[in-house]
Each structure stands twice: as structure tokens, then as C-alpha cells.
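The values are calculated or read from the model by the stated rules, or taken from the named source; none is laboratory data. Everything numeric in this text was worked out from a predicted model, so none of it was measured. Glycine gets a Cβ as well: all are built from the backbone with ideal geometry, and neighbour counts include every protein chain shown.
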């Protein structure tokens, strides 16, 4: 959510800033802007809408300079409009900001008494005026910024430019991601390493409470109180090709079709082994898991649905009690803590504010056995957990998560097998068979992807619909939830998901010929129950779209459309059945003409509460 790029270099940095913003578009935004220092002083450009509009402004004004900051804004305080777009200016200062300043109202009131005039509705503008106010007390730029930051409450990533010192940019981080890029021709900062691959792979990750001064030739990092700190420089292994579309029309389509490779990479460490090693989750896995009494999974959105699937696995296979909590709700209720709980956090980005806060809350209650499953190895969540598993899905740019979900499920299944083994519930023969099933997953998913043409045909039936109902039972009910989420995210069709057995307790009242009903129908122990539920839909004139297994006795008939997956996959069938639901949402969105990768009102990385 929001994106920052900053640069001080021996080159015209405008193309770098704009390309960096373009690569951060996946994070979600509604306006964009940049500030730079050229021969005439401080220049600011802002636009509502896409980065392409800002680029056109920069080209029409021949903008250029050797230092600058740029930003994509997601509206929190103040509507999306040019006056609320970043950067914000106070005198010769320009500021861009990700996050939320919680005490902005009291700061605004105080600064108004000092004579500062506010031209926006944002919380960010107080930072610009606050730094300007501090510069009246001390002329040293870095010192003044640190003094101002010490007065802020909330979450922030900041980059600050001063007209009178064009070769310095000050940045700071608390709660929102920010990193530095080190190069031969200058130094850079950004919210995400993908924005800087164009200029460097040498990355310095800032910690919460860090401030940094970057110039053309140096990087200096301190804490807010001025104490110097050393942050290691590392090389980013992110592929530049991984954030390009290639042959695909949209990132979502690309990422759906990358799932076989993403799963293969995630499970690569299994090799040809016939046994699973707890060390896959960290050196202390066996020690921390040996006497765990229960598992608590906290996550948001798609990751929450992955947690719901895992509950069936952990309890059914490993015999471990499991609760799954929406991260944004968990820390605001009174819950019963148990120090012998394994707290599992799930996140694609590792920077999800609600999940990070939920983790801190769990720790404050004495639950320090923590594990994160995450796709970004350098993220905050990874650093703050005792155990970790990196899913290796590669960059996920599309707002609607796809490959992050399936790789999280693969990791959670591995965790289930480890628990089962530690509890003596996994014989060597079953263990070898389970590992072979995991290794075969990429092939199985590839076969499901071959259904795309048939799914594309189905998508035409959904184009003019306003509502849809998804049904599933058991561990496939969360898959129905995920299918409904995908459809509503990118097509703007209202979609709900229910356990099929709950039809008669309310949602059946909504069913008619105009409301398609999508059923996840694997050939499992609940199939016959599900068939009865589906008959209830047909009796009310509902049109059924059923994703069944190859060996399911689920005949097609008038009003009952059946698509068969190539093979039944037992406990892991959830990973296969979600694929056609992803493809269905994608192709319905194409028919309806919506913005697939950047759906309205949504952001990829939700770094504010």
C-alpha cells in the first residue's frame, strides 16, 4: 500500500523514479507525484490516477535533476485529489510518506499556532511542517528530521528532500517497509527491492526506528536518538524478469500459470527424500514443536483462507487443535493465551500491518513459539519470528493473490506432516507416499491449468450477473471462500461462499435463475452430502457450475454444468480445486472489462491498519 522511491545520483534520476513507481504499482494507489531539485530549485509534479499520467507530465515539462523523491499514494486521510497527493511541501522541504500518523490532529493544531498553513487533508503534511519547525531550532538537516520523527506516533516510511541541500535525502522507517540501494553512481531508497533492480542489487534493509542519510557517495544509518548503527548490505536475488509480464496479458494470468514452478521451487528442498525433516522450518523446529498443545494461525484475506484449510489438516492428520483468527480482529478481543501454543503467521509480503500487530500481541501474551510462512525473505515478519518458511513463489504483482495461496498451502501441509511425525501419527510408508504426492503437485496443477479454454467458455455466462454463490464442504469450504473472494475482487460481482450444508439455513432464499451457484465437488467422503445440497439448488431453478474430480459420479444435465479435474488428489485436492476458481475469476473479469491487476479500492500490500 503506497510506494516510495528516492534517489541521489550522478545522473538524471527522473527516469529512475518513474520506473521505480511503475514497478510499485502492484501495491495499490490512487495518485502519484515526485519532487526533485534542478537548476531552478525545488520542483514538484503530482497527478491523480496512474503513473503513466505523471510520466506524461514529466516529459512535457522536461523534468530532470540529480536528486528526488517519488510516491504513489493510497488515500487514507483525504480523498484522492491532486492537493492530497504526495510530495507535500513546507518552504524548501518536500516529504513523501507511507503509513499513518496517529497524532496528526494534535500536531496540526500546534503547528497552526506557529503560523503554518495546511493545503491538504492528509496526515502527511504535518511531517513537512514539523521538520520545517525543527529546522528553526537546529539548522542541521539530519538532526532536525530525527527530532521531528521522535514526536510522531503511528507507522511511517519517510523520504525528505531539502532544496538548500540537494545532495542529501533523509529517510526513516517505523512500521512501514523501507530499504536502501547502494550503487556506483549514487544511492537510493524504496519501499520494495523490485523498484531498484534497474539500478542496483546491493540492498540495505532498515529496521523499525532507523533513520538514514543518503548522499551520492555515502549512506549513514542511526537510530532516532542519533546512535549510529550498522545494517548489513546484501545482494537481492530477485529477478528483473520476474516482475515483467512477458507473454501474458496480465500479471494475474502470469501468476496463475507460474504456480507449477512456484510449487516446485517451494518444495525443492524435499529432493528425493523418503522422510521429512523438521529443520525445514528452522534449526529449533523440533525443540519448539515437541510439546506444543495447540496451533493458532493469524492471517488476513487469502492467507486467512489458507489457514482455514490448514485447520482441517492439522486436526485431522496430526491431531493438533487449531484455531484460525482474522489478524485485524485477534488483537482487539480478550483471548485465552497458552505459552505452549505455536503461533503461525501467514503473509505474502511479510509487511501486512494487521498480521505484524497480531504477532506482537500474541508475544505480549507470552506465546513466543512463533512461525511465519512468507514469500519475502527480507520482510519484517520473517525477522520477527522464531521459525520461518519461505515459500519461494517469486514476486506476486497482481492484487488478487494466486500463487502465494497455493505455496502457503504446500508449506502448511509440510508443517502438518512434521507435527504428525513428531506425534507418532505418520508411519514411514505413509510419510513416503505423502512426500511423493507433494512432489507430484506441480504436474497435477499443470494438468488443471489445461482446463483454461473450457473455463473461458463458462465465463461468458457470468458476464452480466450481479451475484454468485460458492459452495463447498469440509476443507473445500475455505476454497469456496477463496473463489468468492477472487470473483468479487476483480470482477466486482457480489459473491458469497457458504458451507453447502448451510444452504437451507438462509442462502437458499437468494437462489434463482439469475444467481449462478459454483460448487467445489471433489470425490471425498462428503460428496454424496454435497450432491443432496446441490439438488436443493436445482429445485429452486438455480444454475449450477460444478468443479468435480475425474472419478466423481456427477453427471451434467440441464442447468448443471460439470467440469472434471484430471485427477483426484486426496488431502491435497484443495490446491487443485482452487486453480479453476482463479481462472474463472480472471476470465470473467476479462469479459466485464475490469482492471484485472489493479482492481478499484484495493492494494496489494496492506501496510496500514
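In this structure, does residue 210 turn out to be modelled with pLDDT of 95 or more and within 26 Å of the chain's Cα centre (by Cα)?
Here the answer is yes, as residue 210 does meet what is asked.
So in the range 58-81, with the set limited to residues that are under 27 Å from the mean Cα position of the chain (by Cα) and surrounded by fewer than 24 Cβ atoms within 10 Å (Cβ to Cβ), which one is modelled with the highest pLDDT?
My answer is 81.
Which of the residues spanning the range 160-180 are over 30 Å from residue 352 (Cα atoms) and either outside any loop (DSSP other than H, G, I, E, B) or outside the structural domain of residue 10 (by TED's automatic domain parsing) (or both)?
162
Which of (1) outside any loop (DSSP other than H, G, I, E, B); (2) over 25 Å from residue 165 (Cβ atoms) does residue 29 not meet, given it meets every other one?
Status for residue 29: all satisfied but (1).
On the basis of being at pLDDT 95 or above, in the same structural domain as residue 206 (by TED's automatic domain parsing), crowded, with 22+ Cβ neighbours inside 10 Å and under 29 Å from residue 21 (Cα atoms), does residue 157 make the cut?
No, not satisfied.
Quick one: in the range 282-298, which of the residues that are within 26 Å of the chain's Cα centre (by Cα) and at pLDDT below 95 is farthest from residue 373 (Cα to Cα)?
Once the filter is applied, the top-ranked residue is 285.
Going by the conditions given, is residue 234 in a strand (DSSP E or B), buried (at least 20 other Cβ atoms within 10 Å of the Cβ) and in contact (Cβ under 8 Å) with a residue 40 or more places away in the chain?
When the stated conditions are applied, residue 234 does not pass them.
Could we say that residue 324 is surrounded by 13 or more Cβ atoms within 10 Å (Cβ to Cβ) and closer than 28 Å to residue 439 by Cα here?
Numbers: surrounded by 13 or more Cβ atoms within 10 Å (Cβ to Cβ): yes; closer than 28 Å to residue 439 by Cα: yes.
Taking the combined requirement at face value, the residue satisfies it.
Would you mind finding the one in 120, 150 that is closer than 25 Å to residue 41 by Cβ and either surrounded by fewer than 24 Cβ atoms within 10 Å (Cβ to Cβ) or touching a strand residue (DSSP E or B) at 6+ places or on another chain (Cβ under 9 Å) (or both)? If you could, list the steps in order and put the result at the bottom.
Values: 150 fails: closer than 25 Å to residue 41 by Cβ.
Result: 120 is the single residue among 120, 150 that is closer than 25 Å to residue 41 by Cβ and either surrounded by fewer than 24 Cβ atoms within 10 Å (Cβ to Cβ) or touching a strand residue (DSSP E or B) at 6+ places or on another chain (Cβ under 9 Å) (or both).
Has the range 426-433 got at least one residue that is in a helix (DSSP H, G or I), loosely packed, with under 15 Cβ neighbours inside 10 Å and in the same structural domain as residue 524 (by TED's automatic domain parsing)?
Within the range 426-433, none of the residues are in a helix (DSSP H, G or I), loosely packed, with under 15 Cβ neighbours inside 10 Å and in the same structural domain as residue 524 (by TED's automatic domain parsing).
List every residue pair whose Cβ atoms sit under 6 Å apart, with the two residues 6 or more apart in sequence or on different chains, where the first one lies in the range 135-149 and is assigned to a loop (DSSP other than H, G, I, E, B) and the second, anywhere, is buried (at least 22 other Cβ atoms within 10 Å of the Cβ).
From the range 135-149, the pairs are 138/144.
Anything in the range 494-536 that is part of a loop (DSSP other than H, G, I, E, B) and modelled with pLDDT under 85? List them, or say none.
Once the filter is applied, which keeps residues that are part of a loop (DSSP other than H, G, I, E, B) and modelled with pLDDT under 85, the range 494-536 yields 506, 511, 512, 513, 514, 515, 522, 523, 524, 525, 526.
Quick one: residue 592 ticks every box in (1) more than 30 Å from residue 328 (Cβ to Cβ); (2) surrounded by fewer than 23 Cβ atoms within 10 Å (Cβ to Cβ); (3) at pLDDT 90 or above; (4) in contact with a helix residue (DSSP H, G or I) (Cβ under 7 Å, 6 or more places away or on another chain) except a single one, so which number is it?
(1)
Within the range 75-104, how many residues turn out to be under 20 Å from residue 153 (Cβ atoms), touching a helix residue (DSSP H, G or I) at 6+ places or on another chain (Cβ under 9 Å) and in a loop (DSSP other than H, G, I, E, B)?
Here the count works out to 3.
Go over the candidates 542, 483 one by one and state the one that is on the phi < 0 side of the Ramachandran plot, modelled with pLDDT under 95 and touching a strand residue (DSSP E or B) at 6+ places or on another chain (Cβ under 7 Å).
542
How many of the residues in the range 301-334 are within 25 Å of residue 383 (Cα to Cα), modelled with pLDDT under 95 and either more than 25 Å from the chain's Cα centre (by Cα) or not in a helix (DSSP H, G or I) (or both)?
So the answer is 2.
Tell me, which residue of the range 32-57 that is within 26 Å of the chain's Cα centre (by Cα) and modelled with pLDDT under 90 is farthest from residue 184 (Cα to Cα)?
49
Scanning for something over 30 Å from residue 177 (Cβ atoms), touching a residue at least 12 places away in the same chain (Cβ under 8 Å), within 33 Å of the chain's Cα centre (by Cα) and surrounded by fewer than 16 Cβ atoms within 10 Å (Cβ to Cβ), does the range 539-546 turn up at least one residue?
Within the range 539-546 (the criterion being over 30 Å from residue 177 (Cβ atoms), touching a residue at least 12 places away in the same chain (Cβ under 8 Å), within 33 Å of the chain's Cα centre (by Cα) and surrounded by fewer than 16 Cβ atoms within 10 Å (Cβ to Cβ)), the answer is no, since none of the residues qualifies.
Please find, among 485, 481, 438, the residue that is surrounded by fewer than 21 Cβ atoms within 10 Å (Cβ to Cβ) and in contact with a helix residue (DSSP H, G or I) (Cβ under 9 Å, 6 or more places away or on another chain).
438
Check whether at least one residue in the range 96-109 is surrounded by fewer than 19 Cβ atoms within 10 Å (Cβ to Cβ) and under 26 Å from the mean Cα position of the chain (by Cα), and report yes or no.
yes
Just to verify a result, which residue in the range 335-355, among those that are modelled with pLDDT of 90 or more and touching a helix residue (DSSP H, G or I) at 6+ places or on another chain (Cβ under 6 Å), is surrounded by the fewest Cβ atoms within 10 Å (Cβ to Cβ)?
Looking at residues that are modelled with pLDDT of 90 or more and touching a helix residue (DSSP H, G or I) at 6+ places or on another chain (Cβ under 6 Å), I get 354.
What are the residues in the range 562-579 that are part of a helix (DSSP H, G or I) and modelled with pLDDT under 90, if any?
Once the filter is applied, which keeps residues that are part of a helix (DSSP H, G or I) and modelled with pLDDT under 90, the range 562-579 yields only 570.
Is it the case that the range 249-261 has a residue that's within 24 Å of residue 383 (Cα to Cα) and surrounded by 14 or more Cβ atoms within 10 Å (Cβ to Cβ)?
Going residue by residue through the range 249-261, those that are within 24 Å of residue 383 (Cα to Cα) are none.
Scanning the range 249-261 turns up no residue that is within 24 Å of residue 383 (Cα to Cα) and surrounded by 14 or more Cβ atoms within 10 Å (Cβ to Cβ).
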